[in-house]
1. Mind checking the angle between helix 21-34 and the chain's longest principal axis? C-alpha axes, 0 to 90 degrees, to the nearest 10.
2. Over 30 Å between C-alpha atoms is what I'm after, so list which of 145/233; 150/217; 108/150; 139/175; 12/145 land there.
3. Given axes a ≥ b ≥ c from the Cα gyration tensor, I'd like to know whether the stretch 1-108 is rounded (a/c under 1.5), prolate (a/b larger than b/c) or oblate.
4. What is the helix-to-structure angle for 229-238, meaning the angle in degrees between its Cα long axis and the longest Cα principal axis of the chain, kept from 0 to 90 and rounded to the nearest 10?
5. So for the chain: antiparallel DSSP bridges make up what percent, rounded to the nearest 5?
6. What does the charge add up to near residue 189, with Lys and Arg as +1, Asp and Glu as -1, over the other residues with Cβ less than 15 Å from its Cβ?
7. Looking at the square roots a ≥ b ≥ c of the eigenvalues of the Cα gyration tensor of the stretch 4-252, which shape do they give, rounded for a/c under 1.5, prolate if a/b is larger than b/c, or oblate?
8. Can you give the angle from 0 to 90° between the axis of helix 174-186 and the longest principal axis of the chain, with both taken from C-alpha atoms, to the nearest 10?
Amino acid sequence: MATFKDFRNDVKPNWCPGCGDFSIQAAIQRAVANVGLEPEELALISGIGCSGRISGYINTYGFHGVHGRSLPIAQGVKMANRELTVIASGGDGDGFAIGMGHTIHAFKRNVDMTYIVMDNQIYGLTKGQTSPTSALGFKTKSTPKGSIEKSVSPVELALTAGATFVAQSFSNDLKGLTSLIEQATQHKGFAFINVFSPCVTFNKVNTYDWFKQNLTKLDDLEDYDATDLDVAKRVVHEHNGLVMGLIYQDDSRPDYQSQIDGYAENGLTFADLEMNEETFGKL
Ligand code: SF4
Ligand code: MG
């Protein structure tokens, strides 16, 4: 049986020392080994940004896609080969700016896969501009007087758009993040984890210390019920999106694939494709 070491390769990450993305890489390697996967049973699809490099740093099938397009590729991979466990990963700019349309539709579509966003509230690869998750008033090279836009709250967006598994974590909590990724890969449907991943080089506001002081662990809240959507929305909103843990899980909704006639028995077959060709030909 594979261990997390089997998911290592000899490519040295070129992330800055201290970047939160290192922990996310380690958590994915641990989680997929813990749930019993072998390297050839996993596909990791990434977008563009510092975080997008992750698909080259883990010993498994990898695809470094174009900006904002990790989700359509990942959903296609899963539909074409249902035996694979599929993880898509990218940054806050990738997922909530150029890729936002895909993200919303993936939340509601519920393909059986996992999406991990490495959220550093800034564009790191292009050396520090305001991103969709940057806070109001956030000063960067692109907003020197402070951002005048409200930030996107990824988990609130996911809850509203119909995601069936919504969680949030922090790179500093390797154990908690590993556990959430294990749960996400075993969830039957689309699982979303937003991970606060400090950019130590360009974001001097949302630092490790800032997150330690501002994040609330859902486990510390008395009687928090992750199966109640109304409770999840209320609690996340009350904490301004700054919560950690499993926020919401709905096991009752069927995933996308299982609602397609014959998919459970055969997957997508050439016969299906021919049928689609005929159908499209008549349009
Ligand atoms: Fe990480 Fe920021 Fe460096 Fe990119 S620029 S590798 S996000 S610390
Ligand atoms: Mg970013």
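1. 40
2. Among 145/233; 150/217; 108/150; 139/175; 12/145, the Cα-Cα distance tops 30 Å for 145/233; 139/175; 12/145.
3. Oblate is the answer for the stretch 1-108, as a/c is 1.5 or above yet b/c matches or exceeds a/b.
4. 20
5. Bridges in the chain that DSSP calls antiparallel: roughly 15 percent.
6. +2
7. Because its axes are fairly even, with a/c under 1.5, the stretch 4-252 counts as rounded.
8. Compared with the principal axis, the helix lies near 20 degrees.
Taken together, the values in this text are just the output of simple stated rules run on the coordinates, not laboratory data. All figures in this text were calculated on a predicted structure; none of them were measured in a lab. Ideal geometry is used to build each Cβ from the backbone, glycine not excepted, and the neighbour counts take in all protein chains shown.
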